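What follows is a set of notes on a single structure, which appears directly below.
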Amino acid sequence: MVARLLWEQDVGSSSLFTSTRLSLDALCAPGFVFTGKAMTPGSLPRFAGRLLFICGQNPGEELLKDAIKKLWRFCTTPEMISYLVFGVLTTVVNIAVFSVCHDSLQWSWEVSNLLAWLLAVIFAFFTNKLFVFRSKSFAMKLFLFELVSFFGARLLSLGVDMAGMWLCLDVIQMHSLLAKIIVNFFVILINYILSKLIIFSKKHEPNHGG
């Protein structure tokens, strides 16, 4: 059975279109010829895109697969895996400190939460510095830059966390657990990018050339 499709072509400089029926099996034959108006070079890209889509060879699928592969390779690098592991441990520290202060010591939740956040950030700073991004220098100037920058970045991501939760819960009215997962994905991404490109960047180290 001969499958047919409709090809639209601009006629000269006008906005009129001419319809030409094209046999797909003719495309497969060498030296195929269109009936009707000849195809102009300017119409080739558009027609090729339509043809690929109709034939089931959509280039968008390949781009999506390639993007997924690149994302998987990025998420499974040793640096990213260690970042995620210490991120989980940081969360454990946060919850443990809050539980001890609030449940065992009977402190207010505000004080308990603030102390838990503070100790968790300190834990995250040293583990990120030494084991994730391997910034070994403890020169005073560099150390203070990393420490202040790290706390500043965590305050920024805390603001993103609060704003994101407000948007998801109060505006969109999303389920709280789903909202927390989505917002935390962006928080983790922001923290990683800032740590990688700014806070623990190799260009800040004393022995870095350039």
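When you look at Lys129, is it closer than 27 Å to Cys75 by Cα, part of a helix (DSSP H, G or I), basic (Lys, Arg) and within 19 Å of the chain's Cα centre (by Cα), yes or no?
Values: closer than 27 Å to Cys75 by Cα: yes; part of a helix (DSSP H, G or I): yes; basic (Lys, Arg): yes; within 19 Å of the chain's Cα centre (by Cα): no.
No: the conditions fail for Lys129.
Yes or no, residue by residue, for (1) outside the structural domain of Ile182 (by TED's automatic domain parsing); (2) in a helix (DSSP H, G or I); (3) surrounded by fewer than 16 Cβ atoms within 10 Å (Cβ to Cβ):
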position	(1), (2), (3)
His102	no, yes, no
Ser112	no, yes, no
Ala116	no, yes, no
Ala124	no, yes, no
Ser137	no, no, yes
Phe143	no, yes, yes
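Whether any residue in region 152-161 is in a helix (DSSP H, G or I), over 17 Å from Lys196 (Cβ atoms), free of Cβ contacts under 8 Å to residues at least 24 places away in the same chain and acidic (Asp, Glu) is what I want to check.
no
Yes or no: region 126-134 includes at least one residue that is within 17 Å of Ser201 (Cβ to Cβ), buried (at least 18 other Cβ atoms within 10 Å of the Cβ) and among the basic types (Lys, Arg).
Yes; the residues of region 126-134 include at least one that is within 17 Å of Ser201 (Cβ to Cβ), buried (at least 18 other Cβ atoms within 10 Å of the Cβ) and among the basic types (Lys, Arg).
The values are calculated or read from the model by the stated rules, or taken from the named source; none is laboratory data. All of these numbers come straight from a predicted model, not from anything done at the bench. Counting neighbours? That spans all protein chains shown, and the Cβs are built from the backbone with ideal geometry, glycine included.
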